[in-house]
1. Quick check: anything in the range 120-129 on the phi > 0 side of the Ramachandran plot and in contact with a Lys or Arg (Cβ under 9 Å, 6 or more places away or on another chain)?
2. Any residue in the range 6-26 that is outside any strand (DSSP E or B) and closer than 28 Å to residue 132 by Cβ?
3. How about the range 144-161: which of its residues are in a loop (DSSP other than H, G, I, E, B) and either within 16 Å of residue 93 (Cβ to Cβ) or not polar (S, T, N, Q) (or both)?
4. Taking the condition at pLDDT 90 or above and not polar (S, T, N, Q), does residue 107 pass?
5. Say whether the condition of being touching a helix residue (DSSP H, G or I) at 6+ places or on another chain (Cβ under 9 Å) and under 25 Å from residue 105 (Cα atoms) is met by at least one residue in the range 39-50.
6. Taking the conditions exactly as written (open to solvent by 40 Å² or more (accessible area, probe 1.4 Å), without any contact (Cβ under 8 Å) to a residue 60 or more places away in the chain, within 26 Å of residue 173 (Cα to Cα) and not in a strand (DSSP E or B)), does residue 141 satisfy them or not?
7. Would you call residue 78 of a type in the set (Ser, Thr, Tyr), touching a residue at least 12 places away in the same chain (Cβ under 8 Å) and open to solvent by 60 Å² or more (accessible area, probe 1.4 Å)?
8. List the number of the failed condition for residue 28; all other conditions in (1) touching a residue at least 12 places away in the same chain (Cβ under 8 Å); (2) more than 21 Å from residue 99 (Cα to Cα); (3) aliphatic (A, V, I, L, M) hold.
Amino acid sequence: MSKKGNVWEDLLKPVIVLLCISLAVAVLLGFVNSKTEPIIQENARVKAEQTRSAVLPGAKGFEEIEGNFTALDIDSAYKETSGLGYVLTSSHKGYGGDVVVTVGLDPDGKIVGISADVKTETQGVGSKTGEAKYLDQYLGQSGPAASVDTLTGATYSSNAIRNSVNAILAAFDKIK
């Protein structure tokens, strides 16, 4: 004797239970996101401000230069309020994702500081391109960074940094 299935027990009840669970989780995630998003944005703003201050030593404050610089491969551009220089940010694809490079420039366009966010790159290989030992070779440059050496085993990461620096140096005259 075969037992006929009950549509409610076999089909509808599990679907409704899963739908209710999914709805409850979505509402909770939305609530958590609404509470944490402002904190995350503030932390990102503070970190960006700290990076700008680090690549342009002695800076008192920054004002954003308005404009759409995406055609120049520039993510953001800031002018130091006392005329000490400029800070520009650009990003290019490395091995593991985008490498964000922030460069401090004096009023003549010479690199006085550089920072590279290489958190997406392979630890111990590509991540070495974010260290001062590698980045210091860019200091003092004001023209294309073609002569800068790549790091063995981290060619993608090295090229991402070089491409960002070249974009920043090429865009400097148009931005200032």
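1. No, that holds for no residue.
2. no
3. Across the range 144-161, the qualifying residues are 144, 145, 146, 148, 149, 150, 151, 153, 154.
4. In short, yes.
5. The answer is no, given that none of the residues of the range 39-50 is touching a helix residue (DSSP H, G or I) at 6+ places or on another chain (Cβ under 9 Å) and under 25 Å from residue 105 (Cα atoms).
6. Against the criterion (open to solvent by 40 Å² or more (accessible area, probe 1.4 Å), without any contact (Cβ under 8 Å) to a residue 60 or more places away in the chain, within 26 Å of residue 173 (Cα to Cα) and not in a strand (DSSP E or B)), residue 141 does not qualify.
7. For residue 78, the condition - of a type in the set (Ser, Thr, Tyr), touching a residue at least 12 places away in the same chain (Cβ under 8 Å) and open to solvent by 60 Å² or more (accessible area, probe 1.4 Å) - is not met.
8. That leaves (1) as the condition not met.
The values are calculated or read from the model by the stated rules, or taken from the named source; none is laboratory data. If you're wondering where the values come from, they're calculated on a predicted model, not measured in any experiment. Cβ coordinates were reconstructed from backbone atoms using ideal geometry, including for glycine residues, and neighbour counts include every protein chain displayed. SASA here: full protein model, heavy atoms, side chains in, ligands and nucleic acids out. Shrake-Rupley method; radii C 1.70, N 1.55, O 1.52, S 1.80 Å.
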